1. Of the conditions (1) closer than 20 Å to Ser114 by Cα; (2) outside any helix (DSSP H, G or I); (3) not basic (Lys, Arg), Ala64 clears all except one; give me its number.
2. Need pairs with beta-carbon distance below 7 Å; first residue among the aromatic types (Phe, Trp, Tyr) and within region 18-47, second surrounded by 13 or more Cβ atoms within 10 Å (Cβ to Cβ) and assigned to a helix (DSSP H, G or I); sequence gap 6+ or separate chains.
3. Looking at Arg92, Arg87 in this structure, which one is of a type in the set (Lys, Arg) and under 14 Å from the mean Cα position of the chain (by Cα)?
4. Here are the criteria: (1) assigned to a loop (DSSP other than H, G, I, E, B); (2) modelled with pLDDT under 95. Tell me which single one Gly55 does not satisfy.
5. Report, by residue number, each residue of region 22-49 that is more than 30 Å from Cys89 (Cβ to Cβ) and buried (at least 18 other Cβ atoms within 10 Å of the Cβ).
6. Consider Ala97 carefully, then state whether it is out of contact with any Pro (no Cβ under 8 Å at 6 or more places or on another chain), surrounded by 14 or more Cβ atoms within 10 Å (Cβ to Cβ), under 15 Å from Ser46 (Cβ atoms) and modelled with pLDDT of 95 or more.
7. Just to be sure before I move on: is Val11 among the β-branched types (Val, Ile, Thr) and at pLDDT below 90 in the structure I sent?
8. For the structure I just gave you, tell me whether Arg92 is farther than 19 Å from Arg17 by Cα, touching a residue at least 24 places away in the same chain (Cβ under 8 Å) and of a type outside the set (A, V, I, L, M, F, W, C).
Amino acid sequence: MVCMLKHEDDVKFNPERLDQIFLQLGDQGALNVVCRAVEELAERLSVLETEFSQGRLINVRKIAKGLVGIADQIGMQGLAQVAGDVRQCVERQDSVALAATVSRLLRIGDISLSAVWDLQDLSG
């Protein structure tokens, strides 16, 4: 008997953070900041996946730390939390937890980035 496990990761998002950005920068400025942040997150997630697959854990730790800051900036709390978990797994040298947590980070990253792009499509 084979069981298929379905991963259901909730995307934790802080809309108040985005509201603050829009109040501070106006619509166009905020959209520019969010677009750049989303592009940077997508790029860093891709690089993190490559670095992890090649066993370069020091780079994984650095990238994860950067992801925390960027995700937090635009209110992606879930993504920031899991990126922090990845960093901690590297620091603890827990390879089993790291593999699982990197997989979770990539899943949440995909879901989060898609959600933000969907919001942008609705707004403009």
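The values are calculated or read from the model by the stated rules, or taken from the named source; none is laboratory data. Note that the structure is predicted; figures quoted are calculated from it, not measured. Neighbour counts run over all protein chains shown; Cβ positions are idealised from the backbone, glycine included.
1. Of (1) closer than 20 Å to Ser114 by Cα; (2) outside any helix (DSSP H, G or I); (3) not basic (Lys, Arg), only one is false for Ala64: (2).
2. Pairs that qualify, where the first residue is among the aromatic types (Phe, Trp, Tyr) and the partner is surrounded by 13 or more Cβ atoms within 10 Å (Cβ to Cβ) and assigned to a helix (DSSP H, G or I), are Phe22/Ala30.
3. Arg87
4. Condition not satisfied by Gly55: (2).
5. Matches in region 22-49: Ala30 only.
6. Criteria not met by Ala97.
7. yes
8. So Arg92 does not fit the description; no.
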